[in-house]
1. Assign one of three labels to the stretch 135-209, namely rounded, prolate or oblate, based on the Cα gyration tensor with a ≥ b ≥ c the square roots of its eigenvalues; rounded applies when a/c is under 1.5, prolate when it is not and a/b is larger than b/c, and oblate otherwise.
2. Counting other beta carbons within 10 Å of each Cβ, put HIS226, HIS204, HIS77 in order, fewest first.
3. For ARG53, enumerate residues with amide H under 5 Å from its amide H, sequence gap 5+ or separate chain, H modeled in the peptide plane.
4. Rounded to whole Å, give me the distance from the Cα center of the stretch 356-407 to that of the stretch 116-153.
5. Amide H of LEU313 versus every other amide H placed in the peptide plane: which residues, excluding those fewer than 5 positions away on the same chain, fall under 5 Å?
6. Report the residue, chosen from GLU296, GLU368, GLU407, that carries the largest GNM mean-square fluctuation when the chain is represented by alpha-carbon nodes joined by springs under 10 Å.
7. Gaussian network model of the chain, Cα springs within a sub-10 Å range: biggest mean-square fluctuation belongs to which of ARG181, ARG431, ARG398?
8. For a 29 Å ceiling on Cα separation, which of these pairs sit above it: LYS227/LYS357; LYS107/LYS359; LYS120/LYS164; LYS116/LYS359; LYS28/LYS194?
Amino acid sequence: MAKPVPPPEHGNVLLIGGGGREHALAWKLKQSPRLATLWLTDPDNAGLARLGRPCPQKMDGSNIFMMQRWCDHNDIHLVVVGPEGPLAAGITDALKTDRRQVFGPTKAAAQIEADKTFAKQLMRHAAISTAEARIFDDADSAEVYIRAHDEPCVVKASGLAAGKGAIVCDTPAEALQAMNRILVRREFGSAGDKILIEEKLCGHEVSVLALVDGRSIWLLDPCQDHKSLGEGNTGPNTGGMGACCPTGLLDSPTLDVIQREIIVPAVDALRREGIDYHGVLYVGLILTPAGPKVLEFNCRFGDPECQVLMVRLQGDLFEILWASCTGTLDDAMIDFDPRAACCVVMCSDGYPGPYEKGKPITGIEGAEALSGGRGEVIVFHAGTTHNQAGELVTNGGRVLGVTALAEDLQAAHDLANAACEKIHFDGAYYRRDIGNRVLVHS
Ligand code: AMP
Ligand code: GLY
């Protein structure tokens, strides 16, 4: 086997993506002495823009040839891919060379997220515990199946649907409506060519992420996302209203089970199909009375899980991502700050539905000035930009990820909430109970 390429002493990085997750990755990469220039594909995000240089051309993956040439010309050593879209489209296959690494799996490996039918079959072959599901590509058979079952279920588009393709249904009538939206009216386009009708699982939801280098696996500390818009887990599902890390919901024996019976078999099953997985593998799980069961795999960091992981991660992110690309994770120095992190997402009024943009944001300096004896506050930008007058304004549904690092989860929760109180924009909304379920259980 060829000797792994060591990381460059000083390397240029291209970061693809422009949300809160990418701001957190950029923030951590900037701490690496190995980083030379950080190039950004999406410099609209005002927090991200401060940390790097904007690429002169649009780099959205639609012109791969131009991206290859641009990366060669600018001596890019490492490409870090935030979102799933470019990975599913094959950006890693296109940009990786002998000298250049790309953090994120190949197109074949990204199917684990981009094609839920593929993921389900992989889990079946590897005997991985997951929600029971049936797969349909015609509405008549799906309707017969739904009418014959009256338990709650989840109807899902098989392809990528920007996090909106899973509809939780309590009755057959709701399931028929969801099936119609996805498979008949094609609300998610070709992502709905196939659907899964899955048993609805009950229990706490956790996110377990692992770095994978083809063979070795490095489990990151488990996180808890909060998907529902409303406090107490009410209201519609969102991309994630906040996260905490670590989570008291998972004890170490259960985490061992997740590693041994879910993550290792999934990576092995991919290898049996000739697919070496490099990058981060995200497992969304429900802790059921019968043990942890997989809801989904993602082929990238979660958002906002990435924000809480990055503020706790100790070690050089450049080296860690490089090690995952080059099969050398066993030699990497990875550790976690023993303190707890809590990220509270401040969003625009109306999110996850339609919302207005362009609302001036104030108070971020005041929020970050709370750093000190109680812990640290880092405000990650998600949907922000500068308007023509140079003011910082809202530019998305999820606007900011107000993240605190403190002695324990209660302290991190309190500090993040105190920081949110300092920040203002018209219609700002956030959940005040991020981390509470864990607080109750710890
Ligand atoms: P997915 O697109 O598969 O990640 O689903 C989005 C969200 O829907 C998950 O994070 C869960 O909160 C919920 N969900 C998905 N599948 C199930 C299931 N089988 N049982 C209960 N909740 C689910
Ligand atoms: N926080 C959930 C996700 O990134 O998919």
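FYI, it's all coordinate maths here, none of it is from the lab. Since the model is a prediction, treat every value here as computed from it, not as a measurement. Please note: Cβ atoms are built from the backbone with ideal geometry, for glycine as well, and neighbour counts cover all protein chains shown.
1. oblate
2. Ordered by Cβ neighbours within 10 Å, fewest first: HIS204, HIS77, HIS226.
3. LEU38, TRP39, LEU40
4. Each part's Cα centre sits 41 Å from the other's.
5. Answer set, sorted by chain and number: ASP337.
6. Comparing GLU296, GLU368, GLU407 in the GNM, the peak value goes to GLU407.
7. ARG181
8. LYS107/LYS359; LYS116/LYS359; LYS28/LYS194
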